[in-house]
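Before any comments, here is the structure.
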4 protein chains.
Amino acid sequence: MAGSSYGTLFTLTTFGESHGPAIGGVIEGFPVGFLVDFEAVQAELDRRKPGQSKLVTQRKESDKVQFLSGIFEGKTTGTPIGFIIPNEDQKSKDYTHLKDAYRPSHADFTYDIKYGHRDHTGGGRSSARETASRVVAGALAKQFLEAQGIKITAFVDQVGGIKLSESEIDNADFTVIEQNLVRCPNAKKASQMEQLVQEIKQKGDSIGGSIFCTVSGVPAGLGEPVFDKLHAELGKAMLSINAVKGFEIGSGFGSISMLGSAHNDEFMEGGKTKTNHSGGVQGGISNGMPIYFRTAFKPVATILTPQNSIDSSGNSVIVEGKGRHDACVVPRAVVIVEAMSAIVLLDFYLRQKAVNF
Amino acid sequence: MAGSSYGTLFTLTTFGESHGPAIGGVIEGFPVGFLVDFEAVQAELDRRKPGQSKLVTQRKESDKVQFLSGIFEGKTTGTPIGFIIPNEDQKSKDYTHLKDAYRPSHADFTYDIKYGHRDHTGGGRSSARETASRVVAGALAKQFLEAQGIKITAFVDQVGGIKLSESEIDNADFTVIEQNLVRCPNAKKASQMEQLVQEIKQKGDSIGGSIFCTVSGVPAGLGEPVFDKLHAELGKAMLSINAVKGFEIGSGFGSISMLGSAHNDEFMEGGKTKTNHSGGVQGGISNGMPIYFRTAFKPVATILTPQNSIDSSGNSVIVEGKGRHDACVVPRAVVIVEAMSAIVLLDFYLRQKAVNF
Amino acid sequence: MAGSSYGTLFTLTTFGESHGPAIGGVIEGFPVGFLVDFEAVQAELDRRKPGQSKLVTQRKESDKVQFLSGIFEGKTTGTPIGFIIPNEDQKSKDYTHLKDAYRPSHADFTYDIKYGHRDHTGGGRSSARETASRVVAGALAKQFLEAQGIKITAFVDQVGGIKLSESEIDNADFTVIEQNLVRCPNAKKASQMEQLVQEIKQKGDSIGGSIFCTVSGVPAGLGEPVFDKLHAELGKAMLSINAVKGFEIGSGFGSISMLGSAHNDEFMEGGKTKTNHSGGVQGGISNGMPIYFRTAFKPVATILTPQNSIDSSGNSVIVEGKGRHDACVVPRAVVIVEAMSAIVLLDFYLRQKAVNF
Amino acid sequence: MAGSSYGTLFTLTTFGESHGPAIGGVIEGFPVGFLVDFEAVQAELDRRKPGQSKLVTQRKESDKVQFLSGIFEGKTTGTPIGFIIPNEDQKSKDYTHLKDAYRPSHADFTYDIKYGHRDHTGGGRSSARETASRVVAGALAKQFLEAQGIKITAFVDQVGGIKLSESEIDNADFTVIEQNLVRCPNAKKASQMEQLVQEIKQKGDSIGGSIFCTVSGVPAGLGEPVFDKLHAELGKAMLSINAVKGFEIGSGFGSISMLGSAHNDEFMEGGKTKTNHSGGVQGGISNGMPIYFRTAFKPVATILTPQNSIDSSGNSVIVEGKGRHDACVVPRAVVIVEAMSAIVLLDFYLRQKAVNF
């Protein structure tokens, strides 16, 4: 109810902010008897964590997950999986100069109004650190889905004005994604993107980006009619990630200027469709074709140049970011997009099991 | 769980398909003691219903809502508001020629796979007729929100390639919206859009469009951290509307190519921001500035030209639409966008009452 | 959230009070493709309805259910099943003399405080008429469960001081239940109970009673650990029925004075237990033995003798019941107990399908 | 969904079993800005923990709660409160002799069937150790409720055949409760109960008991109509506690043999009632009178005498309990009854805030 839980049959509840001893979460509804690959979970956390490269924030958080329950002799037991990730690099002093000032386009102001107080030590629940808990749940969900033949792959397809063309997306080389700092599946564009992010970082500024996500192997039939359409839940999940401003599935905003005769996906023998403008979802339910969608991230709000703002008493102040921050969030957000996709898909997978038994 | 309910404290559950005697719904959590303007509810239904103009489908459904409970002597009682809208124009025969064929980009195929059977008499729950129930709940929510000073206005800002510029949106004349068939707040562009839709209709084809929605008077503090961010729920609500392929809030997809220094909304005295790239939502919580977002609709799948497809036995067939269908769905969808926005906002309004008491 | 919905995967939402045109409900999650026996549904409603005999209230409500959706050519479609039961005998005038007075042990006072107003025309949502909607959903659930070999039987085991002994319960003749006015499976005790109720009715008074419910054929494994234990949900479901003051499963309150060595149910070959003090549920999960539980009903609050009370202005008044009322509610409540049991069991049945697939 | 979460606006999700590093939970929806008395929370845990006296199990678990989030400078922040209680005394070896045998009236058999495997190292989620997490959440809820003038007091009113009379309950001396080992508010009966438990413990057997709970200061208006009646939720909450077999509110099972004229609670000036057979709840909603209810606990299943059973292969075996176990669970369960009552009441308190604002 208070917004920290997600899902229907497969659920994740997260807790924690940076000033406490740990963040963490509780996973319910994970299928029983699944042999967990703990290294793969940690590897996902490592993909998300700050300080991986010169492009992103240099905070050193080891981000080691500790599972507390729900797994016995390496296998899931069907009971809740509790886990924590200790906060090792709290340094709340970094933020004391911001104690009363509202940082532009951050959640300082809105949290203050909502709760009547404000956590000035790093953003509280609005901090992207919370997404580490999502990555843990998402990593488990991904493992299970992969065992069912469902494979999720996200990558950066745009940073600022540098964008993969449709054909570059079609010919994306997934093996390249982890070989460059921006997680782009096209080595040439990746190099341009890296250079752009470096330039902007040096100016103390930030830049937006976009993540493309594709899912293969999804059986037809996932998604629930009317409100809980598959792409509606995917959209909510993506929009719940920090800095996201937009979501589109399949033809997306491009469909606005298309004719129905060109947009409709004709069925071919075997139930596959000739085109896939639907993005793998028709009427809110997967049709067996690859699912693909795109998520827009704004330039992160923290920049190292002075900005006009007010403090909690309403006085004008100059706010100036300090410390270590990402100039572009999308490279790290790739793993969060994958995690949330996995959480949504596993939930619908289980919901369909309860329908079709 | 099965997807026909929406909301947390203010909830709507809908039921019904076109082959039965009625569709309808149950509203729970509507504030007690509110004097309902029944004519205004019916007026919203009339805005949504087919057959309003030469641009949209000519089915004659009177769409008269009957309230069955939860209102006593004109005022809400705090108990569930049940309502029905009788189906008067069932004509299921119209669809018998499609009994076994899967219409491209419809939900025929996916429903068949999901449930192991298919309702060929008009689309069942995937039919847009279900949205009439949303309009009833949304109309009630709108009335309550307006009494609190919260005003929702949606309009068509794009049909095919004809699009309002940013300045045309800023200077939108809301009084014009209901005076043209496409519900565009710019008379000149409206006329161009109408002509385009007419041309496409005559060809038996369809075209996409976009709806812009703005909400004024929303107090700061609405929305819940982490998963149930205000714009994440708005996104889900919009994406749950038939034919929607994309959603963006504030700067949306345009933010990808912006710098943080340009994108950040500096605070001014009084808590207002100089710009509003955030679209009225920061960290998932309303900041008191106008909320605005944009929803992309694909060209409707039903077209009157022959298309290749398969039937449920896997045989190749030619599908040819018949009857009365919209060439462009956005004019009628304006009221559904408003309704879903109202449902989402009233829910968050009540959730915040439970936090801040 | 507002209390008118029940269940997790199989859900019922009810609406309606006696002053409106109809009561009704929406059922979600009913398994797809099930051939509905409509006459059996109506028969359950007829078992519940008032005016069946001289023992119970003489209001003539035909209580005819109309299904509006979710069933096509007699079979469930997997989509929400909406239904209404028109109110035919509203006679709200009966209650005008009570407009301002709070009837002792009714919900008049508490509803007035809760909502800031009061529905004096028959009790509003606190009226037992609401349970007719539960009977519709329960009748459908019973049909499905019976097709899986799960059989629910409830009967009256006590009226006032007249009580079936343990041995009389063990030797209950289920064929007798519908052959007497109190729905007791022992003809002799039934006759005594009938006589007692008649006497009390003639005095304008009322008397309490108890219902015993047994369920055979429940597979082991239904119920969820910790909070959603099978008997905890059964308890909530029973306590949500009007006039219920107590619930016990298996050995119940009698277990307080037992020794563990006598109470423990030893396992025998095949997994059956020698005794069944557990009542078919261990650790909150069914163990395959018959489930049985007992529900206590207070004497109904409406009596035809004068009582001291106050009105909404706080003045002392004398309240005197008029009209037609049950002297003992348990005979009619038997069908409600069965209905709620079926709703709970079908929900857990589906939840287990989502666990064990 | 999987049963480890409770509540609607104030929610608790628990996790953990005895073989892992910790148990714990996440609390959502706790009112913001409340100054937590941490010592009082720990004191409640200490009241629940084993090894307090010669009457109860001698396991030494320090049961120290660690709060991980949601509290800043001693005050609640409105964000999720995560907490853990490390497992210090795992000794899973104690149970290896039971690895394949099903202990009579335990959850071994049902968990094995439900999940297809079994946690033989102490009961897993069916272990009463899970209730420590409920005590943490309940202790916080109690603090908040007490600040609103709502006071919850539970005590043992029966052990085996030794029972407080109605007059002894009316004259209960709450100051005595913590001064005797059985937590009975009547020193004389307490002494008899202690002696009985000691005798039964020496025989290696166990005995049932009952807990009476009373709540003063509850404002009228809490509880939701129809399904989520206040006493229905209290009943579910109590029945979800290990070893509970029955629940009654107000007159409870005793109401069965009462006449309506005697049972009805006449209203007096000021809205109070002359009698309180309703137990403070009418129509599922609190009426401002003290709430009271009674919960029946069976004799705990673990006894130290040999019992016939089967193992997971279906072979007959003799099961013999070892180690340290309670002969009677009710003294420690008093704090769990109070905790669950507080959780239920705080949830309804917040739900009413969302109705009446």
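The values are calculated or read from the model by the stated rules, or taken from the named source; none is laboratory data. Nothing here was measured: the structure is a model prediction, and the numbers come from that model. Cβ coordinates were reconstructed from backbone atoms using ideal geometry, including for glycine residues, and neighbour counts include every protein chain displayed. Note: areas computed on protein heavy atoms with side chains; ligands, DNA, RNA excluded. Shrake-Rupley method; radii C 1.70, N 1.55, O 1.52, S 1.80 Å.
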Open item on the list: Please verify whether D:Ile336 is modelled with pLDDT of 95 or more, more than 9 Å from every other protein chain (Cβ to nearest Cβ) and buried (at least 24 other Cβ atoms within 10 Å of the Cβ), treating the condition exactly as stated.
Closed with: yes
Open item on the list: So in region D:136-163, with the set limited to residues that are assigned to a helix (DSSP H, G or I) and of a type in the set (A, V, I, L, M), which one is surrounded by the fewest Cβ atoms within 10 Å (Cβ to Cβ)?
Closed with: D:Ala147
Task: Subset of region D:305-316 [surrounded by fewer than 19 Cβ atoms within 10 Å (Cβ to Cβ) and in a strand (DSSP E or B)] - done: D:Pro306, D:Asn308, D:Asp311, D:Ser316
Open item on the list: For region C:268-282, check the following and say yes or no: at least one residue is among the acidic types (Asp, Glu), part of a helix (DSSP H, G or I), at the interface with chain D (Cβ under 9 Å from one of its Cβ atoms) and within 21 Å of D:Ser309 (Cβ to Cβ).
Closed with: yes
- [ ] For B:Gly24, state whether it is buried (at least 21 other Cβ atoms within 10 Å of the Cβ) and touching a strand residue (DSSP E or B) at 6+ places or on another chain (Cβ under 7 Å).
- [x] yes
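Answer yes or no as to whether D:Lys189 is outside any strand (DSSP E or B) and either of a type in the set (Lys, Arg) or open to solvent by 40 Å² or more (accessible area, probe 1.4 Å) (or both).
Yes: the conditions hold for D:Lys189.
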- [ ] Scan (1) part of a strand (DSSP E or B); (2) open to solvent by 10 Å² or more (accessible area, probe 1.4 Å); (3) among the polar types (S, T, N, Q) for the single condition C:Ser210 breaks and write down its number.
- [x] (2)
- [ ] Could you list, in sequence order, all residues of region C:283-304 that are outside any strand (DSSP E or B), closer than 30 Å to D:Gly260 by Cβ and of a type in the set (Gly, Ala, Ser)?
- [x] C:Ala301
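Considering only residues that are touching a strand residue (DSSP E or B) at 6+ places or on another chain (Cβ under 9 Å) and within 12 Å of another protein chain (Cβ to nearest Cβ), look in region A:321-333 and name the one that is surrounded by the fewest Cβ atoms within 10 Å (Cβ to Cβ).
Filtering first and then ranking leaves A:Gly321.
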Task: In region C:284-304, residue farthest from the other protein chains (Cβ to nearest Cβ) [restricted to those that are open to solvent by 30 Å² or more (accessible area, probe 1.4 Å) and closer than 23 Å to C:Leu345 by Cα] - done: C:Pro290
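Can you tell which of B:Thr175, B:Thr131 is open to solvent by less than 10 Å² (accessible area, probe 1.4 Å), in a helix (DSSP H, G or I) and either of a type in the set (Val, Ile, Thr) or at pLDDT below 95 (or both)? Break it down stepwise before answering.
Values: B:Thr175 fails: open to solvent by less than 10 Å² (accessible area, probe 1.4 Å).
When all the criteria are applied, what remains is B:Thr131.
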Open item on the list: Condition (residue is within 8 Å of chain A (Cβ to nearest Cβ) and modelled with pLDDT of 95 or more) applied to region B:211-218: is it met by at least one residue?
Closed with: no
Task: Top-ranked residue in region D:110-125 [being open to solvent by 10 Å² or more (accessible area, probe 1.4 Å) and at pLDDT 90 or above; ranked as nearest to D:Ala172 (Cα to Cα)] - done: D:Tyr111
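Please state which one of A:Thr305, A:Thr295 is touching a Cys at 6+ places or on another chain (Cβ under 8 Å) and either more than 17 Å from A:Ile249 (Cα to Cα) or not hydrophobic (A, V, I, L, M, F, W, C) (or both). Steps first, answer last, please.
Details: A:Thr305 fails: touching a Cys at 6+ places or on another chain (Cβ under 8 Å).
Testing whether each residue is touching a Cys at 6+ places or on another chain (Cβ under 8 Å) and either more than 17 Å from A:Ile249 (Cα to Cα) or not hydrophobic (A, V, I, L, M, F, W, C) (or both) leaves just A:Thr295.
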Open item on the list: Quick check on B:Phe247: is it surrounded by fewer than 22 Cβ atoms within 10 Å (Cβ to Cβ) and among the aromatic types (Phe, Trp, Tyr)?
Closed with: no
Open item on the list: Looking at region C:230-244, I want the residues that are open to solvent by less than 10 Å² (accessible area, probe 1.4 Å) and have a partner that is at pLDDT 95 or above and basic (Lys, Arg) with Cβ atoms under 8 Å, at least 6 apart or on another chain. Which pairs are those?
Closed with: C:Ala232/D:Lys236; C:Gly235/D:Lys236; C:Leu239/D:Lys229; C:Leu239/D:Lys236; C:Ser240/D:Lys229; C:Val244/C:Lys298
Task: Unmet criterion (only one of (1) touching a Leu at 6+ places or on another chain (Cβ under 6 Å); (2) at the interface with another protein chain (Cβ under 7 Å from one of its Cβ atoms)) for A:Val197 - done: (2)
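Is it fair to say B:Ser105 is part of a loop (DSSP other than H, G, I, E, B) and within 11 Å of chain A (Cβ to nearest Cβ)?
Values: part of a loop (DSSP other than H, G, I, E, B): yes; within 11 Å of chain A (Cβ to nearest Cβ): yes.
Spelling it out, B:Ser105 is indeed part of a loop (DSSP other than H, G, I, E, B) and within 11 Å of chain A (Cβ to nearest Cβ).
Could you check region C:229-255 and list, in sequence order, the residues that are more than 7 Å from chain D (Cβ to nearest Cβ) and in contact with a helix residue (DSSP H, G or I) (Cβ under 8 Å, 6 or more places away or on another chain)?
Initially, region C:229-255 is screened for residues more than 7 Å from chain D (Cβ to nearest Cβ), giving C:230, C:234, C:237-238, C:241-244, C:254.
Of everything in region C:229-255, those that are more than 7 Å from chain D (Cβ to nearest Cβ) and in contact with a helix residue (DSSP H, G or I) (Cβ under 8 Å, 6 or more places away or on another chain) turn out to be C:Leu230, C:Leu234, C:Ala237, C:Met238, C:Ile241, C:Asn242, C:Ala243, C:Val244.
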Task: Residue that is most open to solvent (accessible area, probe 1.4 Å) [pool: residues in region C:192-207 that are of a type in the set (Asp, Glu) and outside any loop (DSSP other than H, G, I, E, B)] - done: C:Glu199
Task: Those residues of region B:1-14 which are outside any loop (DSSP other than H, G, I, E, B) and in contact (Cβ under 8 Å) with a residue 60 or more places away in the chain, in sequence order - done: B:Tyr6, B:Thr11, B:Leu12, B:Thr14
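Sort through C:Val226, C:Val182 and tell me the only one that's more than 7 Å from chain D (Cβ to nearest Cβ), open to solvent by less than 10 Å² (accessible area, probe 1.4 Å) and more than 24 Å from D:Pro306 (Cα to Cα). Spell out the reasoning first.
Details: C:Val226 fails: more than 7 Å from chain D (Cβ to nearest Cβ).
Matching residue, one of C:Val226, C:Val182: C:Val182.
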Task: Qualifying positions in region D:34-63 - modelled with pLDDT of 95 or more and not in a helix (DSSP H, G or I) - done: D:Phe34, D:Leu35, D:Val36, D:Asp37
TODO: Find the residue count for region D:82-102, including only residues that are modelled with pLDDT under 70, polar (S, T, N, Q) and not in a helix (DSSP H, G or I).
DONE: 1
Task: Candidates B:Ser341, B:Ser312, filtered to the one that is under 30 Å from A:Gly3 (Cβ atoms) and more than 7 Å from chain A (Cβ to nearest Cβ) - done: B:Ser341
TODO: Read through the list (1) touching a helix residue (DSSP H, G or I) at 6+ places or on another chain (Cβ under 8 Å); (2) at pLDDT 95 or above, then give the number of the only condition that C:Glu146 fails.
DONE: (1)
Task: Residue in region D:256-267 that is nearest to the other protein chains (Cβ to nearest Cβ), counting only those that are surrounded by fewer than 24 Cβ atoms within 10 Å (Cβ to Cβ), among the hydrophobic types (A, V, I, L, M, F, W, C) and not in a loop (DSSP other than H, G, I, E, B) - done: D:Leu259
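Answer yes or no as to whether A:Glu269 is under 30 Å from B:Ser257 (Cβ atoms) and acidic (Asp, Glu). Break it down into steps so the answer makes sense when it comes.
Details: under 30 Å from B:Ser257 (Cβ atoms): no; acidic (Asp, Glu): yes.
Against the criterion (under 30 Å from B:Ser257 (Cβ atoms) and acidic (Asp, Glu)), A:Glu269 does not qualify.
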